[in-house]
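Chemist: Here it is, the structure, as structure tokens.
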Amino acid sequence: MTAPSTRRPRQAPAFQVDAEGVPRLGVGHWYSLGLVLLLLAVVAVATAVGLAVRDGSAARSALLRHVDPAVLESGRLSTSVSTEGGAVRTYGLTGDKTAPAEYRAAENETAASLAELTRLLRSTPHAGPAREAVAEAGSQVAAWRRDYADPLTAGTAKPSAAFGEQRFAAVRTAVAAARTRLAELQHRSADRLDHQVDRLYETLAGGAIVLIVGALGLTLLIRRTVLRPVSALTGQVRRVSQGDLTHPLRVSGPAELAELAAHVDAMRNHILEEWREASEARAKLDEQTKELRRSNAELEQFAYVASHDLQEPLRKVASFCQMLERRYSDVLDDRGRQYIDFAVDGAKRMQSLINDLLNFSRVGRVNRDMTVVNCETVLAAAMDNLGLARSESDAGITWDPLPKVIGDATLLTQLLQNLIGNAIKFRSEEPPRVRISAERDGDFWEFACSDNGIGIDAAYAERIFLIFQRLHPKDEYTGTGIGLALCKKIVEYHGGRIWLDTEPEQQGTTIRWTLPAIEDTDGSDDSTETSEA
């Protein structure tokens, strides 16, 4: 019986050789290799995450610190440019002494906005088109000031309003183009930010898969510190985007996500505040509109009732005064008959005023059917109603081919009758000559009634369309001061506007107005033939 051996068994070598002579790694080496691979994967994932976070932070910074402020600043630029144009236009039309100061103040605001936009876009990536558009807007504003606004406000020259509108149209186009480029830059920046966020999510997801294979604990850690906060932020942002603006963003996690949540929450608060202000303003506006409609309805009803009820007493006054004159003409002396004439004349003028007021109150108050109206037929009816006045004044009326429009034939007849009647009434020493024309302007027809009369000072361009506004004494020109106010109400009832041409091509007065055009015209607008009566 042999004694047992006291030698320890030999440990397996680190490398074993199989039957084919290929060495095999031991378990420790596999773990070491796995650890190395895991560390490499961690380094790769960390590098990718760091790059995604860096790029996302840069995209977010460019959007929030440069692009969004630039978009807001472009709105201020548009407002200041519009203020400049309005001030110069007001000065050109009315000569308001305060307009130049307003223009200068708006000019300073425009310069500040352009400088701020230039600063914000200077280092912003992919902002080349926006910078060029802003520079072009500045050039157009400078050209408009140099060629029109500065000479006009300084009094060194008086360029035409049409020239100024043409140059200012280029300014508006350039500013609109700049705002469009900024909006496009904003969309691209937002898309880049979304892309970087998506990239971050994809990197984190890939890293999570790798780490799940390598170590469950590390996977749980990443899930707890990254994936859950991102998911929570996404859900809260989605909830806000679906309309729940009062939901605050509360995200616990890395500083980058917390910062992103804070920025989104700040934007949510800003949007919510603006929405509340807009809702309050809209509610106030609706309330004021409702009150204004009620007040207008009451005023129109009062004017209608008062005008209607005053007709009968005035008719009695005029009738009985005339009866007194006929019956007691042999008893009354010249002064008594003169008093009766004064009373009858006053009653007739009051009746005329009441009739005009009644017609004024009826426009837009009585429901009328809108039909296709031939303006030449309407003009013929108006001239027929003015037959006596035309023959007594030897008035000549010419007109271009007139279109068809949608409207009320009675009101449009009254419109042309009032305008032609005014041209005949306010005539000069020469026989009155009236011309009616129409020209297509986009979705509207622009009509014009021109005469060779005494004309109207441009300073009264707005006043003449107010009710009861007269520019001449009653003993010089008859009338109630309602005619042009009635014309304005008729035109606005049809969806157009009316104004005095302050720069007519010839001596006299030119009143212009617009009416909506219709598509199914009979082709008469293509003719250049002129009719005469």
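The values are calculated or read from the model by the stated rules, or taken from the named source; none is laboratory data. Only a predicted model underlies this, so the values are computations on that prediction, with no experimental measurement involved. Positions of Cβ are backbone-derived with ideal geometry, glycine not excepted, and every protein chain shown enters the neighbour counts. Ligands, DNA and RNA are stripped out before the accessible areas are found, and what is left, the full protein with its side chains, is counted by its heavy atoms. Shrake-Rupley method; radii C 1.70, N 1.55, O 1.52, S 1.80 Å.
Chemist: From the list Ala177, Ala169, Ala183, Ala215, pick out the single residue that is among the aliphatic types (A, V, I, L, M) and at pLDDT below 80. Break it down stepwise before answering.
Modeler: On the way: Ala177 fails: at pLDDT below 80; Ala169 fails: at pLDDT below 80; Ala183 fails: at pLDDT below 80.
Residue meeting the stated conditions: Ala215.
Chemist: Please find, within the range 218-252, the residue that is modelled with the lowest pLDDT out of those that are part of a loop (DSSP other than H, G, I, E, B) and buried (at least 19 other Cβ atoms within 10 Å of the Cβ).
Modeler: Filtering first and then ranking leaves Val251.
Chemist: While we're looking at this one, here's another question. Would you say Glu73 is among the charged types (D, E, K, R) and open to solvent by less than 40 Å² (accessible area, probe 1.4 Å)? Even if it seems obvious, please write down each step before you answer.
Modeler: Details: among the charged types (D, E, K, R): yes; open to solvent by less than 40 Å² (accessible area, probe 1.4 Å): yes.
So Glu73 passes the test.
Chemist: In the range 393-414, how many are within 22 Å of Trp445 (Cα to Cα) and touching a strand residue (DSSP E or B) at 6+ places or on another chain (Cβ under 8 Å)? Please lay out each step first, then the result.
Modeler: Step one: list which residues in the range 393-414 are within 22 Å of Trp445 (Cα to Cα), which gives 397-414.
Add one more test, that the residue is touching a strand residue (DSSP E or B) at 6+ places or on another chain (Cβ under 8 Å), and what stays is 397-409, 412.
Of the residues in the range 393-414, 14 are within 22 Å of Trp445 (Cα to Cα) and touching a strand residue (DSSP E or B) at 6+ places or on another chain (Cβ under 8 Å).
Chemist: Kindly indicate whether Thr153 is among the polar types (S, T, N, Q), touching a helix residue (DSSP H, G or I) at 6+ places or on another chain (Cβ under 7 Å) and modelled with pLDDT under 85. Even if it seems obvious, please write down each step before you answer.
Modeler: Values: among the polar types (S, T, N, Q): yes; touching a helix residue (DSSP H, G or I) at 6+ places or on another chain (Cβ under 7 Å): yes; modelled with pLDDT under 85: yes.
So Thr153 fits the description; yes.
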